[in-house]
1. Sort 136-144, 80-88 for me by packing, meaning the mean count of neighbouring Cβ atoms within 10 Å per residue, highest on top.
2. May I ask for the distance between the Cα centers of the range 92-117 and the range 28-91, given as a whole number of Å?
3. Of 83, 69, 50, which is farthest on the positive side of the dipole of the range 34-100, counting Cα position, with +1 on Lys and Arg Cβ, -1 on Asp and Glu Cβ, and the Cα centre as origin?
4. If R0 is 30 Å, what FRET efficiency do you get for residue 57 and residue 10 from their C-beta distance, rounded to 0.05?
5. Using a 1.4 Å probe and counting only protein heavy atoms, arrange 163, 117 so the residue with the most accessible area comes first.
6. So how strong a dipole does the range 157-278 carry about its Cα centre when Lys and Arg Cβ are +1 and Asp and Glu Cβ are -1, to the nearest 20 debye?
7. If you place +1 on the Cβ of every Lys and Arg and -1 on the Cβ of every Asp and Glu, how big does the dipole about the Cα centre of the chain come out, in debye to the nearest 20?
8. Which of 74/128; 106/213; 78/126; 154/285 have a Cα-Cα distance over 25 Å?
Amino acid sequence: MKVNKIRNSCLLLLTAFIWGTTFVAQRTGGDEIGPFAFTAIRSLIAAVFLFLVVKVIDKVKPSEKKPKNAQDRKLLWKAGISCGIALVVASNLQQLGITLGAPVGKAGFLTACYILIVPILGLFLKKKCGWNIWVGVLIALAGLFLLCIEDDYKIGIEDILLILCAFVFSIQILLVDHYSPMVDGVRLSCIQFLVAGIISVIPMLLFDTGCTKESISEFTASFSGWNTWVSILYAAVLSSGVAYTLQIIGQNGLNPTVASLLMSCESVFSALAGWLILNEILSNKEISGCVLIFIAIILAQLQFGKNE
């Protein structure tokens, strides 16, 4: 049992590493083909990959939650569409923020604020918050001030988009939390990525490809480089496909608090990846903000007393 917990902890750390480094892929890929195109293609490839994963699982060891009748399939699609709509809004807000110039380290920490927002939104679902959540919110607000507010006390549009992204991701997480006990998780993820990809095609055609022959030709040419496809495939297969599967395996039998703490390291890995790969350097003020947000994230995941 102890060996399994160590193994699962390592799998969740690997998951956090993949998710954190994916911010680099989002920066390079989004710059090449446009934010909406990157989200659309990434999501559609992820859906295909997860569809293949489902087929393999069905042959090796079918899920107990595999749909057995029309009612089960209707519930699965309802769940997938609901989660997919939230996912596509959150993903495109995040991608726009990164494409508009937010350092990937900052993007990782701002996105990770969903860990604080989720329990607060849970109040509307009659789920109580412990005192550590409220203290964490105050610490996170101080961190956000240091991380996002410039010396002239202005906040960038990219920061606003990333904060909104964290809020919408919180809604998506609550939707997954609501539906996951009722449907197969891998199938749910497959459908939500399919929905996100299809919806993202609309703004991709409107804003990324353009409406002229020249703009379409330029957009098509952006796929000729290896860097573009490496970024797309890394985000689609590793981040959305492999990491999601590792998350399912890693969380099995592991304390949810420990699991959340391990996965919150995504924000740290994003900052390290931005520094090592993209040569992005955060100021002392921004680093202080990241430290405060990470402390808030950890504090929010700890359990004191009996919190529902």
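1. 80-88, 136-144
2. 22 Å
3. About the Cα centre, the residue reaching furthest to the positive side is 69.
4. 0.85
5. 163, 117
6. Roughly 260 debye, rounded to the nearest 20.
7. 1600 debye
8. Table pairs above 25 Å Cα-Cα are 74/128; 106/213.
The values are calculated or read from the model by the stated rules, or taken from the named source; none is laboratory data. If you're wondering where the values come from, they're calculated on a predicted model, not measured in any experiment. Ideal geometry is used to build each Cβ from the backbone, glycine not excepted, and the neighbour counts take in all protein chains shown. Heavy atoms of the whole protein, side chains included, go into the accessibility calculation; ligands, DNA and RNA do not. Shrake-Rupley method; radii C 1.70, N 1.55, O 1.52, S 1.80 Å.
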